[in-house]
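Remarks on the structure that follows.
Just so it is clear, none of the values below were taken in a lab; they were calculated from the coordinates. Predicted model, so just to flag it, every value in this text is computed and none were measured. Cβ: placed from backbone, ideal geometry, glycine included. Neighbour counts: every protein chain shown.
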Amino acid sequence: MANVFLSLEPCNGDQIGYDPLENGLYLSHHKELSNSLNPYTSVLKRNAASNSMMISTLSNGSWDFKRLRRTPSLGESFGSNSTFYSTDSSSSSGGSSNCSLPRIGSTNSVNSLSLKPGVHFRDHVWALNQRYLAAEAIEETAADIINQEEENGEGMKLVQLLITCAEAVACRDKSRASVLLSELRGSALVFGTSFQRVASCFMQGLADRLAMVQPLGTVGYVSTPAMNKTDIALEKKEEALRLLYEICPHIQFGHFVANCSILEAFEGESFIHVVDLGMSLGLPNGHQWRRLIQSLANQPGQPPRRLRITAVGQNIGKLLIIGDELEAYARSLGINLEFSAVESNLENLKPKDIKIYDGEVLVVNSILQLHCVVKESRGALNSVLQVVHELSPKILVLVEQDSSHNGPFFLGRFMDALHYYSAIFDSLDVMLPKYDTRRAKIEQFYFAEEIKNIVSCEGPARVERHERVDQWRRRMSRAGFQAAPIKMVSQAKQWLAKVNGHEGFTITEEKGCLVLGWKSKPIVAASCWKC
């Protein structure tokens with residue numbers, strides 16, 4: 001039987017980026033995968049034969065490096081209408097959108113890899129494997145979401161409608177996408193079921209993305225306008241963040257694991273220094289550091305002779321207010337605290353901005369911050385990590401959303417984000433009553449903003465670039481960091497039972513990282529790194 005592959009590529013307009021591991025490599029997959037992506041297919045299935053065939057290809061040591069050659073660009077090779085998947089589904093208006101995948105022979109699938117200068121062959125093999133896993137994740141995610149809603153006929157219909165609309169937007173079929181969005185507006189309700197509520201957020205993102213689509217035949221999207229948030233919008237988001245912190249364990253989990261790791265690093269030290277990247281998301285009152293100060297004051301023996309906290313952020317006025325409050329709180333507990341602030345975003349941070357004194361032990365703290373500098377070129381993140389590495393901290397504590405929202409293909413990002421935020425909205429459904437305004441604020445003013453950024457934005461405007469633990473592990477390793485395993489699973493579980501009595505939340509250990517999840521779906525991961 002001949003091996004026939006389909007080149008899996010982004011719909012015209014998807015921005016793949018400039019990472020040599022994420023550009024120039026396009027997954028080949030068996031034709032049944034593209035058919036299975038259609039949400040109206042009766043059974044979502046994997047083709048086991050093509051799976052084993054791909055794995056065999058990736059692991060075949062007989063590949064000849066010299067046979068790989070540079071190929072023309074995507075547009076030159078396949079034309080401007082290359083797409084991410086194929087579908088022949090007719091819209092409800094009777095029209096159709098044919099997004100077909102260009103076919104290439106199996107013997108050419110190896111030669112279609114573009115090697116870039118300075119990139120190792122093993123990195124290309126890894127990247128190709130990631131393409132395959134991304135396509136498989138789309139299939140699994142669609143099946144997962146539909147299975148969650150299958151008991152409710154209306155819910156399953158909404159899932160199918162949402163995915164079909166995403167397909168139309170990805171294929172830049174404006175007329176069909178507009179019809180589907182009109183249908184969604186009648187079903188995706190802000191005060192409906194958990195999935196109706198999350199669907200309303202994704203619908204807004206799709207509508208915003210569709211508004212930026214250029215006509216077929218052109219390349220890319222129109223430039224995303226700069227976010228012009230009013231003071232009222234910022235106040236609403238800050239209020240939603242405070243409510244999220246008080247009600248959900250997501251951020252508190254990060255603070256708890258970070259503080260335990262920091263206390264362990266400071267054990268027996270007299271002069272200690274914390275550099276906080278982003279100053280805990282800008283939450284007022286410095287919650288994380290109040291708890292650290294309290295722990296330092298209550299630990300047996302003499303407290304440290306000096307604690308320094310350096311906050312990095314762009315709102316210097318707010319940081320100084322938090323600093324004054326923390327210094328007063330520390331004095332009341334007999335702790336000598338020196339607070340300083342650096343007014344800078346992470347991308348422009350320089351080692352000289354952080355004052356380091358001789359004899360002090362330094363740790364760096366990052367809570368839900370570094371994903372914002374994971375750009376296409378990877379240079380921004382590398383720059384930040386290089387700065388941190390030059391500071392030579394005893395540990396770097398990294399807490400990030402544990403999900404894949406930074407893949408090169410729009411539909412893959414969309415599906416993973418839909419699965420991820422469906423779990424979050426489901427947890428909110430359990431914790432708060434249906435018509436609780438606090439839940440609506442958290443969903444519409446905080447999580448909806450993240451969702452819309454993931455779905456509608458591209459290029460520098462897309463800052464919610466969450467990644468999985470394994471991807472962070474690779475990035476940190478490349479930057480010269482080594483993992484420092486966190487060994488406090490039982491302690492973290494006891495903490496979770498005390499602060500949140502809902503059985504749906506779980507804490508697991510994954511290769512030295514701690515992961516907070518909801519019903520087995522990872523939400524937030526905490527890890528520690530040393531130079």
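For the range 181-215, the set of chymotrypsin sites (Phe, Trp or Tyr not before Pro) satisfying both a DSSP loop assignment and a count of at most 16 other C-beta atoms within 10 Å is given as F191. Tell me the chymotrypsin sites (Phe, Trp or Tyr not before Pro) within the range 502-531 that lie in a loop according to DSSP and have at most 12 other beta-carbon atoms within 10 Å. Here no loop site has a sparse enough neighbourhood. Rounded, prolate or oblate: which fits the range 439-493 when a ≥ b ≥ c are the square roots of the eigenvalues of the alpha-carbon gyration tensor, with rounded for a/c under 1.5 and prolate only if a/b beats b/c? Oblate.
Measuring between alpha carbons in the structure, the pairs from K441/K498; K350/K498; K355/K498 lying more than 30 angstrom apart are K350/K498; K355/K498. Classify the range 363-440 as rounded, prolate or oblate from the Cα gyration tensor: take a ≥ b ≥ c as the square roots of its eigenvalues, call it rounded if a/c is under 1.5, otherwise prolate when a/b beats b/c and oblate if not. The shape class here is oblate. Assuming a ≥ b ≥ c are the square roots of the Cα gyration tensor eigenvalues, decide whether the range 383-506 counts as rounded (a/c under 1.5), prolate (otherwise, with a/b larger than b/c) or oblate. Because a/c hits 1.5 or more and a/b fails to exceed b/c, the range 383-506 counts as oblate. For the pair the range 386-418 / the range 245-308, the C-alpha centres are spaced 22 Å from each other. Approximating the spin labels as points 7 Å out from Cα along Cα→Cβ, the V190-to-A461 distance works out to 2.2 nm. Close amide H pairs (under 5 Å, H built 1.01 Å from N) link M279 with V312, residues at least 5 positions away or on another chain. Proximity of backbone amide H atoms, modeled 1.01 Å from N, is registered between A484 and C528, W529, K530 at under 5 Å, excluding neighbours fewer than 5 places apart on the same chain.
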